[in-house]
Structures are given as structure tokens and as C-alpha cells.
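Everything on this sheet refers to the single structure shown next.
The values are calculated or read from the model by the stated rules, or taken from the named source; none is laboratory data. Keep in mind it's a predicted model, so treat the numbers as computed, not measured. Virtual Cβ from ideal backbone geometry, glycine too; neighbours counted across all protein chains shown. Areas reflect the complete protein model, heavy atoms only, side chains present, ligands, DNA and RNA absent. Shrake-Rupley method; radii C 1.70, N 1.55, O 1.52, S 1.80 Å.
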Amino acid sequence: MPQTPLSTDRYRYGSELPFGAHPTIDKTGTNRTHYRFWAPSCAAVQVEIQAVGDAPPAIVDMIPAGDGWFAAEADGGAGTRYLYRVDEKLAVPDPASRFQPEDVHRASEVVDPHSYSRINGGWRGRPWEEAVLYEMHVCAMGGYAGVASRLPELAELGVTAIEPMPLNDFSGTRNWGYDGVLPYAPDSSYGRPDDLKRLIDSAHGLGLMVFLDVVYNHFGPDGNYLSGFAKTFFREGVETPWGPAIDFERPQVRDFFFQNALFWLHEYRFDGLRLDAVHAIDDDGWLREFASFVRSSVEPGRHVHLVLENEHNTSSLLETHFNAQWSDDSHNTLHVLLTGEAESYYSAYATAAIDKLARVLTEGFVYQGEPSPIHDGKLRGEPSAHLPPTAFVMFFDYHGELADAVRGGRRREFVKFSAFTDDSRRAQIPDPNDADTFRMSSPSLTQPKEHGEGLEWLHFYRSALAVRAGLIVPRLRGAKTLGATVLDAKAITAGWRLGDGETLSIALNLGERAIALPDLPPGEIIFETPVRACDRIRRGELGAHTFGAWLTGGVGRYAIARDSRDFERTSTGGTRGESDSRQ
């Protein structure tokens, strides 16, 4: 391992991984790199160090270190490119590669983990209650530099956290990120590792948290060489929708993913992780161990958040180990109510959809142990009414549907949607491999953003998020449901007792006609759409396509004194959230 650290600067964060390539400096001042590689299927392994120009690569024999590990040290520091030769015919990139400058089939690059010096090194994060997540596809926004250019707009909008879709290296230059094969290497099509660190640093300077979507349930189909040197990474005879199941019972495999989480959180300084489709891992013990391992590594006073996507609706995971779950139930229920679509998995929410929305608003999950019609009648979920409202991430636009649809060989997952079974309708679906489809999906980086209908939507979101930040967020901790009342097939009221004892109430009508609202919620109205909707509400009528929210207490005075968007500058030049007395 490295004999001397490359940097002692407190704001040059770097991870000392127990595997991979680590640049160091020996006692003579020579740049060297230590290599450590797990290849239990191999009797011998060599490091193939790429030479500059047309010269042949240097071949260095690795020394067996027990339990399938091999180690070597060679001349060359950061910038050195290398492969592991596992037999006479196959040389593979490092599974713990920190960067792949020429994609997943070519050489890995040795990276100095301490090379980036942060401006906002004193950043400690924000409490989970303040999170307003803005999910994004980095490539569609112009890479790390393109995202960085949009950060001031997002902060002004009222967003408090950005969440890039998976960044780990995938084959090619365009991908949703869910077919990654090298979990430690940010994809080179977006920029270099220091560019990603700079993006995160810039976000922190604006008071924005940065979450990362991570995929630990499978590897993509192209560029995954693990079976060529580590067959036991996978469970023999156990298949998932994406291929052989990963063997999370094996210590080396568990540690590979545990260390990956620490890598992103400590070296890159992400503020949280969203774990994709953990139901495919199907090992709640591993998930609990993962969360405990991560949380025990976090320095005191720093906010780090862990969020699940979990079709199993395992509420017990949210009691102590994870902050929240991506709420498919809320998305699917609202989708049915707003569109009338009831195909495929939406069919599980089509019957009495408004009652299901009432359960979402008051208890979190729709399915809490009931038979699921889209899982062959199997029981799905655990009771969740005891969990706080903040344990559920509500979202209303879902990349997952399209991401699954375009994955090669996986259209069978959507055979229950008529658009995928009817030839004429299927022909209208954009080809995901067409560059024009990518361009049409990318927001313009040069077009004026505040015009026409876009300006109206911008005002709507800014207003809603300002109300949330100023009046609701500071009171969210300790909030509990007061129940919900179904008014009509598409209309409902609901209320919550907030942490300071005040009451938040809402009335929502997604239907095409006005309905009676016999009881006016208590407090002052703090948000309404459409404009002047409160005029009809005061007359006892909830108009079509109408929403209103009410809050008790001194609303005006409270709004002036408290706003979760406010941040203070620290003496170290970084930023931090408000003190605990303000949270």
C-alpha cells in the first residue's frame, strides 16, 4: 500500500480502497502505483501497463496474497493506464477502476484521489426534511459542466438537492446509467473525475445537496468481465431479470459494494445514495448491514441520507436503517387518477384509486401485506402507518418506465402495455438508439428559459417550493397524520399534525366537475391552484382541477422568521445548514 499520503490537506478528500490501483511516492521520490486485484478463478495474474506511443506494454507478475487476491507494485503514478491479464487471451479493466478514458473495454487509468481541492470543504449537508430532489440525466444536460451551469437556476427554483441518474461506466456514450459495469468509474462521456468533484463542490456552495443513484442489484450486459476471473462473484443457478444473481453472502462481494458507497460519500462528498431496485437483491440482512456500515463511517455533524427503491415495501428497513423509500405506490396511484391508464402494473391501482391515494397520504404504502394482482396474488409489503411522512419520496415523473422499456432484450417487461403489442403504436415509440431521440430529450442549454407556458410553470414551482420551505419544512420533523376523507371518485381532503402542534390540511379535486366541500379546513390558506380557487372554496365548493392547502398558527410572522432555504457562511469558506436550533 502507499507508504506516504499524497496530500494532508483537509479539503482534498480521497478514499484508501482495499483494492484497485493506488498511486504513491516511494522513499526516493519516485512515482509508483500499488495494484490489488481479486481473481479467485485464476491461478496467476499479471498487470499490463500501457506504454506511450507504439511501445509494447510492460508486464508485471502479481503476487498471490491469499483468498484469491493478487498484488503488485510498479513504476508510474497518476495517469498510468493498465489492464489485468487473467489468461493468455484476456486482459480486463480493473473492476475497481476509478476512470476509463476509452470506455469499458479498454485500459483503466490510475487516478490521484486527492487531486481536487475543494472550495466548500466545510459543507456538512442538510437535514432530510429539507430535501427537494431534482433527478437528472447528466449526459442530457451537457455533462458535468452543463449541469454546473444550471445549478444557480435550480437553487433559485427552490430545489435543495440534485440527484444524477447512475454515473458508473457503461458501454458507449449514451445510457440511462442502469447498465453500468464498473461501479467505481464515473463515465468518461460526462467528464473526468475531478469535473464531477467540481460539480458537487459547486452545488454545495449554493446550498444544494447531491445524491447519487447507485445500482447494486446487477451489472450491464456489455463490458462485465467478472465471470472471466471471479466466477464466485455470482450465485450459480440463480438468475435475475438482468442475468446471474450477485452473491451478496460472499465477504469479498459484500465489501466491494460497501466500499463503493464509502467511495462516493467520502471521496466525492455526495450527500446521499438512492439504492436502485433493492428488491432484486432480495437480502434485507445485507441492506441493514450496508446501512450500518455506511452510517458508522460518517463523521459527526455531517448529514448523509440513504434512500431505497424497493418493490417489496419493507417498512421495517425504514424504521432505523434508511431515511426513506422512493414511493412507487404514490406515483402509480396518481398516474391512474390523472390519466385513467390501467394497463400492466397500473392495474394494481385502478380499483378505488382515490381510496388508495387516501392510504398513501395517511399511511405511506398502498400495499402493506395485501395480495398484489401484479405479483400473482403474492402478499406484498409491511404495515407502514407508524412511519413519518418523510419516509416516503413522492414523485410524479418516472424515468424507470422508459429506462426499462429501452433496455435491449427487456421489452418483454412491457408486453402488457398496448403500445408495445400493437405494431402501429409501437412504431411511434422513439428509437432509443437514435441520436435524434437523445437530442430531443435534452433540455436546451442556450434557449431562453422563461417564456410562454414555461414561465407559468416556473412561477408555479417557485411559489409551491417557497411555501414548502418557509412554512412547512421547519415543522416537518415529528409530523403525524390526522387522516383523510374521500369526497368523490377523484377528490379528497387530508390533514397532518406538524411537529410544532400546528395543523396542515389539503383539499384536492382531480376531477372534471366541481364538488361540495362541506367543511372548510382550519387555518389560513397558504397555497391554491388555480388562482382565486379559494373564492369558490369559501362558498363550500371545490372546483374541478383544484388544490388548496391551509395552515394554522401565525402564518405571516412564521414565514418571515423561518425559511429552510437560508444558509450561513462558515469561517472556513464553506457552507452549512442552519444550526440544530433552527431545524
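Numbers at a glance
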| item | result |
| --- | --- |
| Label point distance in nm, Thr552-Ala51, each placed 7 Å from Cα along Cα→Cβ | 8.1 nm |
| Rounded FRET efficiency, nearest 0.05, which uses the C-beta distance separating Asp195 from Cys534 and R0 of 51 Å | 0.60 |
| Rule-of-thumb Rg ratio for the range 215-298 [Cα; 2.2 N^0.38 Å; N residues] | 1.11 |
| Stretch gain in nm, segment Ser424-Ser296, where the contour uses 0.36 nm per residue and the Cα spacing is subtracted | 40.6 nm |
| Inverse mean reciprocal Cα-Cα distance (Kirkwood Rh) of the range 470-561, Å | 13.5 Å |
| Area accessible to solvent at Arg380, 1.4 Å probe radius, in Å² | 20 Å² |
| Residues of the range 341-367 with amide N under 15 Å of the 7 Å Cα→Cβ point at Ala544 | none |
| Average accessible area per residue (Å²) across the range 470-561 - probe 1.4 Å, nucleic acids and ligands excluded | 49 Å² |
| Cα pair distances in the range 20-110, grouped into 5 Å bins until the bin that holds the longest one, percent each | 3, 15, 25, 27, 19, 8, 3, 0 |
| Top positive-direction residue, dipole computed over the chain with Cβ charges, set Phe258, Val214, Pro518 | Pro518 |
| Ratio of Rg to Rh over the range 171-312 (Cα coordinates, Kirkwood Rh, two decimals) | 0.96 |
| For the range 129-247, convex hull volume per residue from C-alpha positions, Å³ | 116 Å³ |
| Potential lengthening between Glu236 and Asp61 on full extension [0.36 nm per residue; Cα-Cα distance subtracted] | 60.0 nm |
| Virtual spin-label span in nm between Leu157 and Asp282, 7 Å along Cα→Cβ | 3.8 nm |
| Among His137, Asn175, Leu306 - extreme Cα towards positive end, dipole of the chain, charges at beta-carbon | Leu306 |
| Three principal axis lengths of the range 1-157 [C-alpha, angstrom, descending] | 56, 36, 36 |
| Packing-based ranking, highest mean first, of 228-237, 330-339 given that Cβ atoms within 10 Å are counted | 330-339, 228-237 |
| Charge dipole (debye, nearest 20) of the chain; +1 at Cβ of Lys and Arg, -1 at Cβ of Asp and Glu | 1360 debye |
| P(r), alpha carbons of the chain - 10 Å bins starting at zero, rounded % | 3, 15, 25, 26, 18, 8, 3, 1, 0 |
| Over the range 274-369, equivalent-ellipsoid semi-axes from the Cα gyration tensor in Å | 30, 14, 11 |
| Point-to-point label distance, Leu90-Leu338, nm (Cα→Cβ direction, 7 Å offset) | 4.6 nm |
| Peptides 452-463, 138-149, 173-184 ordered by average Cβ neighbours within 10 Å, highest first | 173-184, 138-149, 452-463 |
| Cα-centre dipole for the range 33-170 with unit charges at Cβ (Lys and Arg positive, Asp and Glu negative), debye to 20 | 220 debye |
| Charge sum, other residues only, whose C-beta stays under 11 Å from Ala107's C-beta, Lys/Arg counted +1 and Asp/Glu -1 | -3 |
| Residues Phe396 and Ser149, FRET efficiency given R0 of 35 Å [Cβ-Cβ distance, rounded to 0.05] | 0.85 |
| Local electrostatic count, Tyr184, Cβ distance below 11 Å [Lys/Arg +1, Asp/Glu -1] | -2 |
| Nearest-20 debye value, the range 20-110 charge dipole, Cβ charges on Lys, Arg, Asp, Glu | 180 debye |
